[in-house]
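First the structure, in the form of structure tokens, and then the observations on it.
Read-outs: derived from the displayed coordinates by stated rules, not from any lab. Everything quoted here is computed from the prediction, not taken from an experiment. As a convention, Cβ positions derive from the backbone with ideal geometry for all residues, glycine included, and neighbour counts pool all protein chains shown.
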Amino acid sequence: MEVWDIYDQDRVRTGELIERGSKLAPAQYHLVVHVCIFNKEGELLIQQRQPFKKGWPGKWDLSVGGSALAGESSQVAAQRETWEELGLKFDFSQERPFFTINFSRGFDDFYLIEAEVKTDDLVLQASEVKDTCWVDHAQLIDLRERGKLIPYHRGLLDMIFEMRVGRGTHPPRKLINLPNNV
């Protein structure tokens, strides 16, 4: 049984708890994390959900995702989920999410990391993850268009690929040598 912290609209823990599957009252929210793992070639590691998993059975998904358990920070939840689902140890203690999406029942923190991972070395959580593979941007969009990926907003998928190389609302700045009179 999973138990989650309840947050208010300002993302402050209320001190209340709720069991997974229970209905949140109005103005109650919970915390979700996603970890998107990219390799040096700019490919994203994706996982295929087990066919017996509730919610999107058999669909491909981002590298890692799940709800924070009671008492967990976003970073601790990201670290735990990455270990549980893929058997990968990453230290998230000094990380911040690249961005957060507010959805109807909570907050979803997205971490974008680069790591060289061999899929053969992964230890998949048998109750959740069937398979993994690396995809480029076009392949991910193709999976979405063919209904084989959880139906994330297309713009979100585009943004994940664009933001993987830099934080913030602007792309990384390239230094340009300008003439002195400019």
Query raised in the report: Using 19 Å as the cut-off for backbone N distance, which residues of segment 76-107 belong to the label zone defined by a point 7 Å from the Cα of residue 12 along Cα→Cβ?
Result: 106-107
Query - Estimated distance in nm for a label pair at residue 94 and residue 165, the labels positioned 7 Å out from Cα along Cα-to-Cβ - result: 2.4 nm
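I need to check one value: relative contact order of segment 1-140, counting alpha carbon pairs closer than 8 Å and at least 6 residues apart, in percent. Numbers along the way, then the final one.
Details: 293 pairs, mean separation 40.0, N = 140.
That works out to 29 percent.
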Query raised in the report: Just from its helices, what would the mean residue ellipticity at 222 nm be for the chain, if runs of 4 or more DSSP H residues each count -39500 (n - 2.57) and the sum is divided by every residue, rounded to the nearest 500 deg cm²/dmol?
Result: -5500 deg cm²/dmol
Query raised in the report: What FRET efficiency, computed as 1/(1 + (r/R0)^6) with R0 = 25 Å and r the Cβ-Cβ distance, is obtained for residue 138 and residue 53, rounded to the nearest 0.05?
Result: 0.40
Report task. Report the label-to-label distance for residue 101 and residue 114 in nanometres (one decimal), using points 7 Å from each Cα along the Cα→Cβ vector. Result -> 2.4 nm
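If you rank 170, 30, 153 by fewest surrounding Cβ atoms within 10 Å, what's the result?
Ranked by crowding around the Cβ, least crowded first: 170, 153, 30.
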Query raised in the report: With springs only between Cα atoms under 10 Å, which of 139, 94, 125 fluctuates most in a Gaussian network model of the chain?
Result: 94
